[in-house]
Amino acid sequence: LLLVYVVISFEWMHRTLISFLGAALIIFITYTLGHWDKSFYIISFEEAMGAIDLNVIFLLMGMMLFVGVMKKTGMFQFLAYKAYALARGNVFILSLVLQVITAVVSAFLDNVTTMLLMIPVTIEIAVTLKINPLALLVPEVFASNVGGTATLIGDPPNILIGSYAGLTFGQFIQNLALACGVCLAVSSLFLVWWNKKDYLKAEVKDVPRTIEYLKDEYRITNKKLMVMGLMLLGFAILFFILGGMLHLPVSVPALVGSLMLLAFSGEDIVELLEKEVEWPTLVFFIGLFMVIAGAEETGLIQVIANFVKDISKGNLTAAIVIILWVSAIASAFIDNIPFTATMLPIIAFLNQTIPGAESGVLWWSLALGACLGGNGTMIGASANVVTVGL
């Protein structure tokens, strides 16, 4: 587990390779050295397979297929054009509208994809206004990470937490949406103020002509597919919400909705599976689940859990603050996915041993810390890395 963390942090190897290699090594050691010395027996092959959370894998896969189809409609770029038309050349309003659009889309679709689709049109608007594109893009990235924190499907750490703890889509909205709304309001106003020098330099010339140009450039390319996609995404979200009552795993409506969209739209599933499903990410999750199961079997996770309990002295408020801030600071510098996955059994233990924690409040501390902490540095979240790269 520590080897995987170090290699991911220093980027010595692709995170998918090291997580899967780590998992393979754990099983290999179990059946070789563990054959002669039982103290090297870590986890059996069957236990390792059982540790893979297929609910997480299939939910991610279903949402990737949704995004793959929706990308072809031109909807995201159309929303950015609408933001410019709504702002009528006022850069301050434009920045706020772009942030709200990014946050809302990121709450239901993958942050990285949202940014990949918003970046080109944002750069084009920034070039038209003759301002540094980062003055619009950095606030968008913040909004993307904050918006993704608000729902069960918005950010991979939330997907992990929801699946492990059996939390519903509605519980995430109920406990995180208000906090994220406050965070979005504060970060939006702060970043607009922070970038005001850039915004004041903007050359707003012939707004109607620019609006017409953007309207031609970023039109809806396939209205029928967009309507179908939004209806089936709505169907999936409805069953995410009803899932708690029906005890329906969130991956099921995600797969049903995305596969119905493929069936009705006639899109090529082979092409989408090859180009739109991020297989390296899914394989990374599979390897990570096995590595963490190995660490749990050896008692390492229990040692960390006891350490957190001792520091907090069994006080719930102290535990909330520790988890929130440690998660946020750690997620600014290391990948928040392995961090969250490692913390899951620790939080589960603390929920049973700290008075008052049975309400599940520590899950929300972890979600807020891990997702929002990604805003701390350029490498803190995948959306940040992608934006800076482009």
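The values are calculated or read from the model by the stated rules, or taken from the named source; none is laboratory data. On a predicted model such as this, the values are computed, not experimentally measured, just so you know. No Cβ is skipped: glycine too gets one built from the backbone with ideal geometry, and neighbour counts run over all protein chains shown. Heads up: the accessible areas ignore ligands, DNA and RNA and are worked out on the full protein's heavy atoms, side chains in. Shrake-Rupley method; radii C 1.70, N 1.55, O 1.52, S 1.80 Å.
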(Q) I'd like the accessible area for PHE40, computed on protein heavy atoms only with a 1.4 Å probe and all protein chains in place. Round to 10 Å², please. (A) 90
(Q) With angles folded into 0 to 90 degrees, how steeply does helix 15-31 sit against the dominant principal axis of the chain? Use alpha carbons for both and round to 10. (A) 10
Q. For segment 118-255, how many pairs of lysine residues have a Cα-Cα distance under 16 Å, where the two are 8 or more positions apart or belong to different chains?
A. 5
(Q) To the nearest 20 Debye, how big is the dipole of the chain about its Cα centre, given +1 on the beta carbon of each Lys and Arg and -1 on that of each Asp and Glu? (A) 1240
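Using a ≥ b ≥ c from the Cα gyration tensor of segment 174-222 (square roots of the eigenvalues), is it rounded, prolate or oblate, where a/c under 1.5 gives rounded and otherwise the larger of a/b and b/c decides, a/b for prolate? Kindly include the intermediate steps, with their values, before the conclusion.
Numbers: a/c = 5.13, a/b = 1.44, b/c = 3.56.
It comes out oblate by the Cα gyration axes.
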**Q.** Gap separating the Cα centres of segment 82-160 and segment 60-75, nearest whole Å
**A.** 17
Q: Set Lys and Arg Cβ to +1 and Asp and Glu Cβ to -1, take the dipole of segment 212-362 about its Cα centre, and tell me which of LEU255, LEU282, SER327 lies farthest positive.
A: SER327
Q. Is segment 164-290 best put as rounded, prolate or oblate by its Cα gyration tensor, with a ≥ b ≥ c the root eigenvalues, rounded for a/c under 1.5, and otherwise prolate when a/b is larger than b/c, oblate when not?
A. oblate
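Please compute one quarter of the surface area of the Cα convex hull for segment 34-141 and express it in square nanometres. Working shown, then result.
Details: hull surface 40.6 nm².
Mean projected area of the Cα convex hull: 10.2 nm².
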Q) If you place +1 on the Cβ of every Lys and Arg, -1 on the Cβ of every Asp and Glu, and leave all else neutral, what size is the dipole of segment 51-207 about its Cα centre, to the nearest 20 Debye? A) 440
(Q) With a 1.4 Å probe and all protein chains kept in place, how much accessible area does ILE323 have, in Å² rounded to the nearest 10? (A) 0
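Based on the alpha-carbon gyration tensor of segment 1-66 and its eigenvalue square roots a ≥ b ≥ c, which shape applies: rounded if a/c is under 1.5, prolate if not and a/b is larger than b/c, or oblate? Intermediate results must be reported in sequence, preceding the final value.
On the way: a/c = 3.58, a/b = 1.46, b/c = 2.45.
Because a/c hits 1.5 or more and a/b fails to exceed b/c, segment 1-66 counts as oblate.
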Q) Computed from these coordinates, which is Cα extents along the principal axes in Å: (i) 78, 49, 44; (ii) 64, 58, 42; (iii) 66, 53, 41? A) (i)
Q.
Taking the solvent-accessible surface of protein heavy atoms with a 1.4 Å probe, what is the per residue accessible area of the chain in Å²?
A. 46
Q: Would you mind checking the radius of gyration and Dmax of segment 225-342 based on alpha-carbon positions, in Å?
A: 20.0, 59
Q) Once the whole set of protein chains is in place, how much accessible area is left on LYS224, using a 1.4 Å probe, in Å² to the nearest 10? A) 150
Q. Distance from the Cα centre of segment 1-38 to that of segment 187-215, in angstrom?
A. 49
Q.
Please compute, for the alpha-carbon atoms of segment 279-360, the extent along each of the three principal axes and give them in descending order in Å.
A. 41, 28, 21
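Sequence gap at least 6, Cα distance under 8 Å: using those rules, report the relative contact order of the chain to the nearest whole percent. Before the final figure, lay out the partial values.
Values: 567 pairs, mean separation 98.3, N = 390.
It comes to 25 percent, rounded to a whole number.
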